[in-house]
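In what follows, a structure is listed as structure tokens, so that the remarks can point back to it.
The values are calculated or read from the model by the stated rules, or taken from the named source; none is laboratory data. Treat the numbers as computed from the prediction; the structure is a model and nothing was measured. Quick reminder, even Gly has a Cβ in these numbers, built from the backbone with ideal geometry, and neighbours come from all protein chains shown.
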């Protein structure tokens, strides 16, 4: 039985993009919610996701083309119509395997399913058919523009231009428009990189060692389910960027029998690495995470990666944890909530969801968490402050402010505890990779408490 007009990949994509504009919530969360009301088969879900993420990576380019095709400003369009035009045009320009006729017809059907006035059906049809006729001209518009097409909000590009220079800002924006590689962190309690890579090779899965963290494995042109890879159920690996893996190494070396805390554990990616590091020296690892959804995923990940072990998770905020317990730790990893501007390549909705005023709000939260974490640290212990942000406001400025108010802490050079392949990513003592072909943007500072 064919799907109804409001249960198609294009309709779901348009609906999700409209909801994103209204709410500024994470796009994956919105898509999942919409799919509960408009379920799709696997291939159609994949198509909807590809269209959504493709538009988010190329929105400015698409809007330049639409402005050429339409006589009135895009901001005056009905939101559903605007997203329908973007969805149709994206398929026509970028998706070679989809016939132009299907791109047009399915977009028009989505507008019909939304029960918009009949004149808008004809309008969408006319604009998209005109884009097919003018395809060459539309592509020319983007080849030699008067200014770089960055596919990022102007305010964000201008911040990066001021911070990194125009050439580097443009490079970061371009990098964020590329598809990401899939990087695996090998659980070295259960296996080792060489053994696991040999098994992948036997299964005809192309891979190579990470450029910055040679114990990581990068999968080349991988498009199937991660859960189908050998060793997934046995807990041999987890998906994690090289930068995130390197951040956790800032805690090393762990002391024998020590106590360590992941203060903002999330779904447990870095917690798992801490557990792996602690295994060799019989140290203990604890985690704090207040979000119910993340707690559930955390427990699922720990059950897969560390089978038979009990990982103590405290389901509360760090402030609640600190107020109710007198325990102190030899090391604390604080992967603080942030704007996420370093991982836009993986989460392209971030660029459109953030606002300039958000950065100050994040900084306030980060400083509060950092001061709270400091009270839980033993003398001579290490406090690792980390973000996946490129913004100085959330990184160096936070560290400077913290040190100005905590004279019993010093900032250590990250280089000695990182592998040789990653030491070029250190800037002013701090770990600070910018988005590149095999790494996302991160920041890490290693703080030591004096006696």
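When residue 193 is tested against (1) surrounded by 15 or more Cβ atoms within 10 Å (Cβ to Cβ); (2) within 20 Å of residue 54 (Cα to Cα); (3) out of contact with any helix residue (DSSP H, G or I) (no Cβ under 7 Å at 6 or more places or on another chain), exactly one condition is not met: (2).
Being out of contact with any helix residue (DSSP H, G or I) (no Cβ under 7 Å at 6 or more places or on another chain), free of Cβ contacts under 8 Å to residues at least 24 places away in the same chain, loosely packed, with under 15 Cβ neighbours inside 10 Å and farther than 23 Å from residue 20 by Cα is a description that does not apply to residue 154. Based on this model, can you work out whether residue 161 counts as over 14 Å from residue 344 (Cβ atoms), without any contact (Cβ under 8 Å) to a residue 60 or more places away in the chain and either in contact with a helix residue (DSSP H, G or I) (Cβ under 8 Å, 6 or more places away or on another chain) or in the same structural domain as residue 350 (by TED's automatic domain parsing) (or both)? Yes: the conditions hold for residue 161.
Listed conditions (1) free of Cβ contacts under 8 Å to residues at least 60 places away in the same chain; (2) part of a helix (DSSP H, G or I); (3) more than 23 Å from residue 46 (Cα to Cα) are all met by residue 116, apart from (2). Considered as a group, the residues in region 404-431 that are in contact (Cβ under 8 Å) with a residue 40 or more places away in the chain and surrounded by 15 or more Cβ atoms within 10 Å (Cβ to Cβ) include one that is farthest from the chain's Cα centre (by Cα), and that residue is 409. The set of residues in region 266-283 being buried (at least 19 other Cβ atoms within 10 Å of the Cβ) and farther than 18 Å from residue 245 by Cβ consists of 283 alone. For region 96-113, filtering for residues that are exposed (fewer than 15 other Cβ atoms within 10 Å of the Cβ) and part of a loop (DSSP other than H, G, I, E, B) leaves 3.
Of everything in region 220-231, what is in contact with a helix residue (DSSP H, G or I) (Cβ under 8 Å, 6 or more places away or on another chain) and surrounded by fewer than 19 Cβ atoms within 10 Å (Cβ to Cβ)? Give them in sequence order. It would help to see each step written out before you state the result.
Residues of region 220-231 that are in contact with a helix residue (DSSP H, G or I) (Cβ under 8 Å, 6 or more places away or on another chain), as a first pass: 229-231.
Hits for region 220-231 are 230, 231.
Among the residues of region 432-451, which ones are under 23 Å from residue 208 (Cβ atoms) and surrounded by 24 or more Cβ atoms within 10 Å (Cβ to Cβ)? Correct list: 433, 435, 439, 440, 441, 442. With a requirement of 3 or more residues that are touching a residue at least 24 places away in the same chain (Cβ under 8 Å) and surrounded by 15 or more Cβ atoms within 10 Å (Cβ to Cβ), the strands (runs of 3 or more DSSP E) lying completely within region 284-398 that satisfy it span 284-288, 329-335, 377-387.
Residues in region 360-370 that are over 22 Å from the mean Cα position of the chain (by Cα) and under 12 Å from residue 332 (Cα atoms): 1 in all. Filtering region 238-264 to residues that are more than 26 Å from residue 211 (Cα to Cα) and either assigned by TED's automatic domain parsing to the domain that holds residue 218 or surrounded by 21 or more Cβ atoms within 10 Å (Cβ to Cβ) (or both) leaves 260, 261, 262, 263, 264.
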